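Working notes, beginning with the structure itself.
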């Protein structure tokens, strides 16, 4: 079997194992957030940070929810890392943005953060802060979900089907799930370009 076939077979297996109830719970949380005028703050590092930026576009343009990704501002991100330390970059950003109980933290991560292993401590600290404020927490993560899965209101865990491909599948399926969310009939408010351009026969 070619590597391409193996990788795509793993993707098929992941799709068959994803907990759709956790996805629908996130939908309901987002519907409530939108009706209450809340905002979404997408938090992620590495490849997940890139996914956060794309998700911000989709949730603003397609769903009509005000949202942001702190990692989109590289000047502030690097200044805070340099001056205050890596672990607090998101917390301090959220404080300036006046995170409230109406808002939601949406975590994209491969491992979900770990205090014990000191992995993605900035996500862990942001979740801790969000919970003290009363903000909702949701996530799309891989492995066992880490701190995000333990502390969130709903979390989609991308099943591990191969220990050698945890990261590529976790980050790829972040995109699959958030595109599902913005396409969901309970959330989609604006038509996307190509779908609106199709000539119906």
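The values are calculated or read from the model by the stated rules, or taken from the named source; none is laboratory data. On a predicted model such as this, the values are computed, not experimentally measured, just so you know. As a convention, Cβ positions derive from the backbone with ideal geometry for all residues, glycine included, and neighbour counts pool all protein chains shown.
Checked against (1) surrounded by fewer than 13 Cβ atoms within 10 Å (Cβ to Cβ); (2) within 15 Å of residue 138 (Cβ to Cβ), residue 23 passes all but a single condition, namely (1). If the condition is being more than 18 Å from residue 30 (Cα to Cα) and out of contact with any helix residue (DSSP H, G or I) (no Cβ under 8 Å at 6 or more places or on another chain), then segment 134-167 contributes 144, 145, 146, 150, 163, 164, 166.
Would you call residue 122 closer than 22 Å to residue 62 by Cβ, touching a helix residue (DSSP H, G or I) at 6+ places or on another chain (Cβ under 7 Å) and either at pLDDT below 95 or assigned to a helix (DSSP H, G or I) (or both)? No. Scanning segment 173-201 for residues that are at pLDDT 95 or above and over 12 Å from the mean Cα position of the chain (by Cα) yields 180, 182, 183, 184, 185, 186, 187. Taking the residues in segment 132-153 that are assigned to a helix (DSSP H, G or I) and out of contact with any strand residue (DSSP E or B) (no Cβ under 7 Å at 6 or more places or on another chain) as candidates, determine which candidate is nearest to residue 18 (Cα to Cα). Looking at the filtered set, the residue picked out is 150.
Would you please name the residue that is farthest from residue 33 (Cα to Cα), looking only at residues in segment 154-172 that are in a loop (DSSP other than H, G, I, E, B), more than 14 Å from the chain's Cα centre (by Cα) and touching a residue at least 24 places away in the same chain (Cβ under 8 Å)? Ranking the candidates gives 162 first.
Looking only at segment 70-78, decide whether some residue is in contact with a strand residue (DSSP E or B) (Cβ under 6 Å, 6 or more places away or on another chain) and crowded, with 21+ Cβ neighbours inside 10 Å.
no
Suppose the filter is in contact with a helix residue (DSSP H, G or I) (Cβ under 9 Å, 6 or more places away or on another chain), over 30 Å from residue 10 (Cα atoms), surrounded by 23 or more Cβ atoms within 10 Å (Cβ to Cβ) and at pLDDT 95 or above; does residue 97 pass it? Taking the combined requirement at face value, the residue does not satisfy it. Every condition in (1) crowded, with 24+ Cβ neighbours inside 10 Å; (2) in contact with a helix residue (DSSP H, G or I) (Cβ under 6 Å, 6 or more places away or on another chain); (3) outside any helix (DSSP H, G or I) holds for residue 106 except the one numbered (2). Screening the candidates 92, 151 for the property of being within 14 Å of residue 43 (Cβ to Cβ), under 16 Å from the mean Cα position of the chain (by Cα) and modelled with pLDDT of 95 or more yields one hit, 151.
Has segment 42-49 got any residue that is more than 11 Å from the chain's Cα centre (by Cα), over 20 Å from residue 158 (Cα atoms) and not in a helix (DSSP H, G or I)? Walk me through it before giving the result.
Initial filter on segment 42-49 (more than 11 Å from the chain's Cα centre (by Cα)): 46-47.
Those left that are additionally over 20 Å from residue 158 (Cα atoms): none.
Looking for residues that are more than 11 Å from the chain's Cα centre (by Cα), over 20 Å from residue 158 (Cα atoms) and not in a helix (DSSP H, G or I), one finds none in segment 42-49, hence no.
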